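The values are calculated or read from the model by the stated rules, or taken from the named source; none is laboratory data. If you're wondering where the values come from, they're calculated on a predicted model, not measured in any experiment. Every residue, glycine among them, receives a Cβ derived from its backbone with ideal geometry; neighbour counts consider all protein chains shown.
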Amino acid sequence: MIFWRVLWSMVGKDLRIEWRTKQLFISSLSFALLLVFLMGLVLYGSSNMTHFADAGLLWLLIMMAGLFSLNRQDDKERWDGAIYGATMVPTDRSVLFYARVMSHLLFVVVMEVVLVPLYSVVLGTSIQLAWGPIILVLLMGTLGFVAVGALLTSLALTSSLREILVPIMIFPLSVPLLLGVVEVTSSMLQGNWGKGVWWAVIAAYDILFLVLPGLLYDFIAEV
Amino acid sequence: MKKWQWTLVALLGIGMIISQYMDFIASPPEAQMGNVVRIMYFHVASAVVAFTAFGVTALLGLIYLVRKKWIWDQLARVSAEIGVVYTTFVLISGSIWGDAVWNTWWTWDPTLTTTLILWFLYLAYILLRASIADRERAAKVASVYGFIAAIDIPIIHQSVTWWRGIHPNVITAQGFNMPPIMVFTLLFSFLVFLGLYSVILWISTMMAKDRDELSDLRELARNALAKYDERVGS
Amino acid sequence: MNHLLELVGVQKSLGHRSVLNGADLTIDAGEIVWMVGRNGSGKTTLIKVAAGMSTPGKGTVLWFGNRPSSRLRSRIGVLLDESFLYGELTAEENLLYYAKIYGLKDARKQVHDGLEQVRLHRDKHVLVKAFSKGMKQRLAIARTFLHQPEVLFLDEPYDGLDAASSQLLTFWLENLQKAGAGILLVSHEANAFRELPVRTVKLAQGRLIEGDSQ
């Protein structure tokens, strides 16, 4: 009960702050869009790319956008120590983790809504499958990535190298997820659902990084 | 160090010399690879040490989270550092071997890829620890990270294997694909390398202990001086 | 009867510096403990450890006779140098957020009252990042007292306050003390609370000594 109340208050607060500072969100999105454009430029469209490279570029782009989101929120929470005050929540501290995952998921998904269609237009990628499965893999991939990200930003909370350390930790840890989503997405570009094992890898990764941090969070929430 | 510890270290030294003799002289060149095969004794043994070291880090980190005893965390930290050094050896020796046998310094083979990811993962572990001032916080955060990284490693390896799969499997389900003398040389080098790992782990941890005690003593001295200044001043 | 707060042999190091070295402290109902000590003697660290924001290296912290737990955290209030406020939210939104976290009944009314008492009701729609130091401090105080905590940790609460706000704070402290709360206070503005019955402890060399003696 208390847990859900606190969770919703926190996500609501994040959304309110994000809405208020939309120029920050818009500037990160613009940067991501600029990258899409630049990729189109240097790659001369995707006609000379394999499906795998096509899907891989898209996912790297999404993960970069995700990193922006993580850093941006981290800065706001850090202003005058709100992030430390949050350790005084009257419920299990894992709520801090789940609230972060939910907020980030929302932000990154909103970015993807603009980014993904634009990517497919600018790079001339034709998707040979209904949008349903694409949306599913986007959601599952993003969820896994923001979960790892939310965990790692909390780990690096008091680190003096935090800005550079989070990317150094996040990319090696998310290799299975990256391979999974890229494999599945590249299959979708060729008109099929992709191999079952890759869906299994993505699902296992999501579950692992949603459950494990929740169990360990009490150790790392303290400062 | 006590006498029996010196004896063990001396035995290890002798073992290392014997191991060198076996690697370079006693064991035969391989049918196809020739003398290049000798890199294996160093390469595979380093890999064994690296994996053991990271396993130890994960396990001791977990014990630290439960027991909160300083020593477990320090052993975990030192073990991760040794692991990174040995992973570097694995990558370098593997590259040299790859150039000689596969004619390429680097391929996207699953084992190679996993090893490189491992190197990044634990480099981050060291950076994470070094950049957090609060000792307890650093220990806790590193323990959690070390544990999560260790759980992720099999998943990484499995996913990279499904993604691509040319590394020679010297150890298969049937046993070793090698003549007995080479098997013995390899196993002996495992033993020696793990012995060296244990010695480095132990000595470094003792050094860390001394360092901490020294800083505590410095703190005491500083406090005493402050107190003295206060008295003289007032 | 349990102590409201009990610290036994608390030890804490930051980097290679050991800040607390076997600190013991008890606070009972209706007590205001004034902790003094030179700069860098570890007063803030002690508050963080006592409030459960930081784990001690060794030793135990007990709240109401129990180990700190999430349930008990709702009965604790902390005010540090950092206000724990969100710069991108208005004064009212900040307090409403904390009221929701603590699950206060008629949150709007309580927030409104709190803002009025610290005289910020006219600025309630202003973003906190535009606040002056004093205004932020007043809002942080309203935030700390919002859920009527039974144990309070206050680190320099009088910092940046004008005379009227100082009086209000002292008045609040007196009321809470009479109501049986326990307060750990760090402040160098001794004049501001001279009427309050305080017990003085001194933090030196990582330990707490009763009284202000050298």
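Summary table
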| read-out | value |
| --- | --- |
| Qualifying positions in segment A:1-47 - among the small types (Gly, Ala, Ser) and under 29 Å from A:Ser120 (Cβ atoms) | A:Ser27, A:Ser28, A:Ser30, A:Ala32, A:Gly40, A:Gly45, A:Ser46, A:Ser47 |
| Verdict on A:Ser28 being touching a helix residue (DSSP H, G or I) at 6+ places or on another chain (Cβ under 7 Å), within 14 Å of chain C (Cβ to nearest Cβ) and not acidic (Asp, Glu) | no |
| Qualifying residue in segment A:113-123 (condition: among the hydroxyl-bearing types (Ser, Thr, Tyr) and surrounded by fewer than 22 Cβ atoms within 10 Å (Cβ to Cβ)) | yes |
| Selected residue [within 27 Å of C:Lys12 (Cβ to Cβ), surrounded by 18 or more Cβ atoms within 10 Å (Cβ to Cβ) and under 10 Å from the mean Cα position of the chain (by Cα)] from B:Ala58, B:Ala47, B:Ala80, B:Ala53 | B:Ala80 |
| Yes/no for C:Asp81 being within 13 Å of another protein chain (Cβ to nearest Cβ), closer than 23 Å to C:Lys48 by Cβ, within 16 Å of the chain's Cα centre (by Cα) and surrounded by fewer than 19 Cβ atoms within 10 Å (Cβ to Cβ) | yes |
| When residues of segment B:200-214 are limited to those that are loosely packed, with under 15 Cβ neighbours inside 10 Å and of a type outside the set (D, E, K, R), the one farthest from the other protein chains (Cβ to nearest Cβ) | B:Ile203 |
| So A:Trp4, is it loosely packed, with under 15 Cβ neighbours inside 10 Å, facing chain C (nearest Cβ under 10 Å) and modelled with pLDDT of 85 or more | no |
| Qualifying positions in segment C:97-126 - within 12 Å of C:Ala142 (Cα to Cα) and either more than 13 Å from chain A (Cβ to nearest Cβ) or polar (S, T, N, Q) (or both) | C:Gln110, C:Val111, C:His112, C:Asp113, C:Gly114, C:Leu115, C:Glu116, C:Gln117, C:Val118, C:Arg119, C:Leu120, C:His121 |
| Odd one out for A:Leu157 among (1) modelled with pLDDT of 85 or more; (2) in a helix (DSSP H, G or I) | (2) |
| Of residues in segment A:161-170 being more than 8 Å from chain B (Cβ to nearest Cβ) and hydrophobic (A, V, I, L, M, F, W, C), the one farthest from the chain's Cα centre (by Cα) | A:Ile164 |
| Residue satisfying all of: in segment A:72-95; farther than 21 Å from A:Leu216 by Cβ and facing chain C (nearest Cβ under 9 Å); modelled with the lowest pLDDT among these | A:Lys76 |
| Segment B:124-167, residues that are closer than 28 Å to B:Ser95 by Cα, assigned to a helix (DSSP H, G or I) and not aliphatic (A, V, I, L, M) | B:Tyr125, B:Gly146, B:Asp152, B:Pro154, B:His157, B:Gln158, B:Ser159, B:Thr161, B:Trp162, B:Trp163 |
| Scan of segment C:1-36 for residues that are in contact with a helix residue (DSSP H, G or I) (Cβ under 9 Å, 6 or more places away or on another chain) and farther than 22 Å from C:Pro157 by Cβ, ordered by number | C:Val10, C:Lys12, C:Ser13, C:Leu14, C:Gly15, C:His16, C:Arg17, C:Ser18, C:Asn21 |
| Residues (part of a loop (DSSP other than H, G, I, E, B), modelled with pLDDT of 90 or more and either surrounded by fewer than 17 Cβ atoms within 10 Å (Cβ to Cβ) or out of contact with any strand residue (DSSP E or B) (no Cβ under 7 Å at 6 or more places or on another chain) (or both)) located in segment C:31-64 | C:Phe64 |
| Residues located in segment C:31-48, provided they are in contact with a Phe, Trp or Tyr (Cβ under 9 Å, 6 or more places away or on another chain) and of a type in the set (Lys, Arg) | C:Lys48 |
| Considering residues of segment C:167-192 that are crowded, with 16+ Cβ neighbours inside 10 Å and over 15 Å from the mean Cα position of the chain (by Cα) only, the residue farthest from C:Gln117 (Cα to Cα) | C:Ala192 |
| Any chance C:Leu127 is hydrophobic (A, V, I, L, M, F, W, C), under 17 Å from C:Leu85 (Cβ atoms) and crowded, with 19+ Cβ neighbours inside 10 Å | no |
| Number of positions in segment C:111-123 that are surrounded by 19 or more Cβ atoms within 10 Å (Cβ to Cβ) and among the polar types (S, T, N, Q) | 0 |
| The lone exception for B:Ala221 - which of (1) surrounded by fewer than 12 Cβ atoms within 10 Å (Cβ to Cβ); (2) more than 14 Å from chain C (Cβ to nearest Cβ) it fails | (2) |
| Index of the failed condition, B:Trp105 passing every other in (1) in a loop (DSSP other than H, G, I, E, B); (2) touching an Asp or Glu at 6+ places or on another chain (Cβ under 6 Å); (3) under 23 Å from A:Asp218 (Cβ atoms); (4) of a type outside the set (Lys, Arg) | (3) |
| Residues (under 29 Å from B:Arg129 (Cβ atoms) and in contact with a Pro (Cβ under 9 Å, 6 or more places away or on another chain)) located in segment C:24-49 | C:Val49 |
| Given (1) of a type in the set (Val, Ile, Thr); (2) at the interface with chain C (Cβ under 10 Å from one of its Cβ atoms); (3) assigned to a helix (DSSP H, G or I), index of the condition A:Val110 fails | (2) |
| Lone qualifier among C:Asp28, C:Asp24 - being under 25 Å from B:Ala226 (Cα atoms) and more than 12 Å from every other protein chain (Cβ to nearest Cβ) | C:Asp24 |
| Any chance A:Val36 is touching a Phe, Trp or Tyr at 6+ places or on another chain (Cβ under 8 Å), at pLDDT 85 or above and either exposed (fewer than 14 other Cβ atoms within 10 Å of the Cβ) or not small (Gly, Ala, Ser) (or both) | yes |
| Segment B:44-77: number of residues that are under 19 Å from B:Arg211 (Cα atoms), part of a helix (DSSP H, G or I) and not polar (S, T, N, Q) | 7 |
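Conditions (1) part of a loop (DSSP other than H, G, I, E, B); (2) closer than 20 Å to C:Leu80 by Cβ; (3) out of contact with any Ser or Thr (no Cβ under 8 Å at 6 or more places or on another chain), marked per residue:
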{"position": "C:Leu168", "(1), (2), (3)": "no, yes, yes"}
{"position": "C:Trp172", "(1), (2), (3)": "no, yes, yes"}
{"position": "C:Leu176", "(1), (2), (3)": "no, yes, yes"}
{"position": "C:Gly180", "(1), (2), (3)": "yes, no, yes"}
{"position": "C:Ile183", "(1), (2), (3)": "no, yes, yes"}
{"position": "C:His188", "(1), (2), (3)": "yes, yes, yes"}
{"position": "C:Leu196", "(1), (2), (3)": "yes, no, no"}
{"position": "C:Val201", "(1), (2), (3)": "no, yes, yes"}
{"position": "C:Leu208", "(1), (2), (3)": "no, yes, yes"}
